[in-house]
Amino acid sequence: MDKILRIASPQAVGVSDGLYSFVVRLNEAPAEHWIYSFKLATPVAREFDPERVVFDRQGGLLFESEEALVLGWIGHVDLWIAAANTQVAADEAAEKKRRAEAQTREERDLLLSRINEKFKNL
């Protein structure tokens, strides 16, 4: 998987009762596993929680914030994006390693089966 990146500044798309709705564009729509990893990222402060971010396949990610907290939100979003990229890369590497180990075991078992078949009548 390619790394997910924020490609633009947040854009206000709505306002209600002093809360602005912002959209943050991403370089591509993230996969479900990546979104799950993003949501598990550790919130640093009560005001900033990855669980409050909504993903829209076409739009990017969405969050609501008071104007004074937008800078903090973007800083946290960038941290959570990096954490999700790191987690997904680690998970993909672990899966690749598991597949390679399984293939090695299958090849070894096949080799042992052939050699046992060859010498079964001795």
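Pick from E107, E67, E32 the residue whose mean-square fluctuation is largest in a GNM of the chain, springs joining Cα atoms under 10 Å.
E107
How much length would be gained if the chain were fully extended between R105 and A8, taking 0.36 nm per residue of separation minus their Cα-Cα distance, in nm to one decimal?
30.2 nm
Taking only Cα atoms, what is the 0 to 90° angle, nearest 10, from helix 70-118's long axis to the longest principal axis of the chain?
10
On a full-extension model of 0.36 nm per residue, what is the gain between S113 and E47, subtracting their alpha-carbon distance, rounded to one decimal in nm?
17.7 nm
Pairs of lysines 8 or more apart, or on different chains, with alpha carbons under 24 Å: count those in the chain, would you?
Lysine pairs satisfying the spacing and distance rule in the chain number 4.
Under a Cβ-only charge scheme (Lys and Arg +1, Asp and Glu -1), can you give me the dipole magnitude of region 1-121 about the Cα centre, in debye to the nearest 20?
Numbers: 16 positive and 20 negative charges, 182 e Å.
Once rounded to the nearest 20, the dipole reads 880 debye.
Ignoring trypsin sites (Lys or Arg not before Pro) that are buried or in helix or strand per DSSP, and keeping those with at most 10 other beta carbon atoms within 10 Å, what is the longest stretch of the chain between them?
58-119
Each reported figure results from applying straightforward, stated rules to the coordinates on display, with no laboratory input. Being a predicted model, the structure only gives us computed values, none of them experimental. Glycine also receives a Cβ, built like all others from the backbone with ideal geometry; neighbour counts cover every protein chain displayed.
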